[in-house]
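First comes the structure, then the notes that go with it.
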Amino acid sequence: MPRGDGTGPYGQGPGTGRGMGRGAGVGRGRMGGNRPGAGPSGNCVCPNCGARVSHGPGVPCYDLKCPSCGAKMVRE
């Protein structure tokens, strides 16, 4: 910060350094969302027929079969 205004050495404006302007994942927490290991709450949904099953801890959605059509479930 040569000028002391927070612009950095190239003067692109304040707050343009590393760590600023993070993308879409801001504020979702460490394991939030629909990724594997996203936590015990939520639902598993069938990609074929849309049936929903409550997700329980210790059993990943992709290990469950749809009660209606038998397809593998995915995390909602």
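Quick look at the numbers
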read-out: Residue within the range 32-55 that is modelled with pLDDT under 55, assigned to a loop (DSSP other than H, G, I, E, B) and not hydroxyl-bearing (Ser, Thr, Tyr) present; value: yes
read-out: Neighbours by Cβ (under 6 Å, 6+ apart or cross-chain): first from the range 49-65, farther than 13 Å from residue 76 by Cβ and touching a residue at least 40 places away in the same chain (Cβ under 8 Å); second charged (D, E, K, R) and surrounded by fewer than 12 Cβ atoms within 10 Å (Cβ to Cβ); value: none
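The values are calculated or read from the model by the stated rules, or taken from the named source; none is laboratory data. Note that the coordinates shown come from a computational prediction; the quantities given were computed from them, not determined experimentally. Backbone-built Cβ (ideal geometry, glycine too); neighbour counts: all protein chains shown.
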